[in-house]
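Written below as structure tokens is the structure these notes are about.
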Amino acid sequence: MLYINSPTVLKRVSLGYDGLLADIYWTRAVQYFGNRHHNRAQSYNLLAPLLEITTTLDPHLLVAYQFGASFLAPKPPHGAGQSDRAIQLMEYGIKNNPHEWRLYYNLGFVYYMELRDYAKAADAFARGSQVPDAHPFLRILAGQMAQHAGDFETARALWSATYQTSQDKQIRQNAAEHLRALRVDQDVTTLQRVVTRFGQRTGRLPSSVSELAAAEGLHGIPLDPDGIPYRLTPEGRVMVQNPDDFPFITAGMPPGYKRVGVSRFHDQP
């Protein structure tokens, strides 16, 4: 897969075929990640070198930077767990494409989603907002970092922007899965508050989601993004029926739950 791991050396021996070699290594990077992700690998040690070689050979291949922002930083099995390499890749992209606002967005995305460094995320979004013809939401995101950092709506705005601005299938699938997970997390959080309110009012827990919906005036039985009703445990915990269908959820799973198998991808949020 990687006989020469130095981007500089490879560029020197490319004999002017930089673009062709960049395409080859880009294809290798996508196939390498796709195969290992399908098998739920716990390491992606070649992903960063492959992307660094690709972008050294072709510094203007923007999709490679976006791929790095989506899959270099997240922890295994969803990514390589190398936030530092992701940030280096984004900064390299900005250096070579200073007027491409998407790269500043990708940099802020890594700081926000993976490192929870809202100050640096705000700085990246603010830098990007000053680029000619930058998307207006960069300025909005920069302002939201101070007041709304960490909330559902800000995260949804970021993943929606990733989904809408990429043409790469894996990046879009990844964003769609995160948007589905955000909906589940928000649903479960909201329903858990409703369960608490029911208990405070009645002195007991609801026997089912149906009773909860009827007693609290909900509009029908609450459904997850696949149209399957949420369930309620005897202890009053709101759960999804099939946790493996939502690989990025942080709520609605049994305590100590471990995923099995490979989750199916969805093309739409």
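Odds and ends about this structure:
- Within the accessible area of the chain (1.4 Å probe), percent carbon and sulfur: 52 percent
- Only one residue of Q88, L141, H99 has its Cα farthest out toward the positive end of the dipole of the chain, where Lys and Arg carry +1 and Asp and Glu -1 on Cβ, and that residue is Q88.
- Global form of the chain, assessed from the alpha-carbon gyration tensor, a/c cut-off 1.5: prolate
- Angle between the chain longest axis and helix 83-96 axis [Cα atoms, degrees, rounded to 10]: 50 degrees
- Taking all protein chains into account, the per residue accessible area for the chain stands at 49 Å² (1.4 Å probe).
- Charge dipole (Cα centre; +1 on Lys/Arg Cβ, -1 on Asp/Glu Cβ; no other charges) of the range 167-211 amounts to roughly 160 debye.
- Per-residue ellipticity at 222 nm from helix content only, as computed over the chain with -39500 (n - 2.57) for each DSSP H run of at least four residues, stands at -18500 deg cm²/dmol.
- Once the Cα-Cα distance is subtracted from the 0.36 nm per residue extended length, the A157 to S43 segment shows a gain of 38.1 nm.
- Computed from Cα atoms, the angle from the helix 152-165 axis to the main principal axis of the chain rounds to 40 degrees.
- At an R0 of 51 angstrom, the distance between the Cβ atoms of E216 and I24 translates into a FRET efficiency of 0.30.
- The range 176-229, relative contact order in percent, only Cα pairs under 8 angstrom and at least six apart counted: 30 percent
- Residues in the range 178-186 carry Karplus couplings, in order, of 5, 5, 4, 5, 4, 5, 4, 4, 5 Hz; the curve used is 6.51 cos²θ - 1.76 cosθ + 1.60 with θ = phi - 60°, and Gly or Pro positions show x.
- Dipole magnitude of the chain, debye to nearest 20 (Cβ charges: Lys/Arg +1, Asp/Glu -1, about Cα centre): 420 debye
- Computed 3J(HN,Hα) for the range 124-132, one whole-Hz value per residue from the Karplus formula 6.51 cos²θ - 1.76 cosθ + 1.60 where θ = phi - 60°, is 5, 5, 5, 4, x, 5, 8, 6, x, glycine and proline marked x.
- Nearest-ten-degree value, helix 18-38 long axis tilted from longest Cα axis of the chain: 30 degrees
- Projecting the Cα positions of G199, P222, V188 onto the charge dipole of the range 186-231 (unit charges on Cβ atoms of Lys, Arg, Asp and Glu, taken about the Cα centre) puts G199 furthest along the positive direction.
- About the Cα centre, charge dipole magnitude for the range 89-159 (Lys/Arg +1, Asp/Glu -1 at Cβ), debye: 60 debye
- Cα gyration tensor shape of the range 75-162, rounded if a/c is under 1.5, else prolate or oblate by comparing a/b with b/c: oblate
The values are calculated or read from the model by the stated rules, or taken from the named source; none is laboratory data. These numbers come from a predicted model, not from an experiment. Positions of Cβ are generated from backbone atoms using ideal geometry, with glycine treated the same way; all protein chains shown enter the neighbour counts. Heads up: the accessible areas ignore ligands, DNA and RNA and are worked out on the full protein's heavy atoms, side chains in. Shrake-Rupley method; radii C 1.70, N 1.55, O 1.52, S 1.80 Å.
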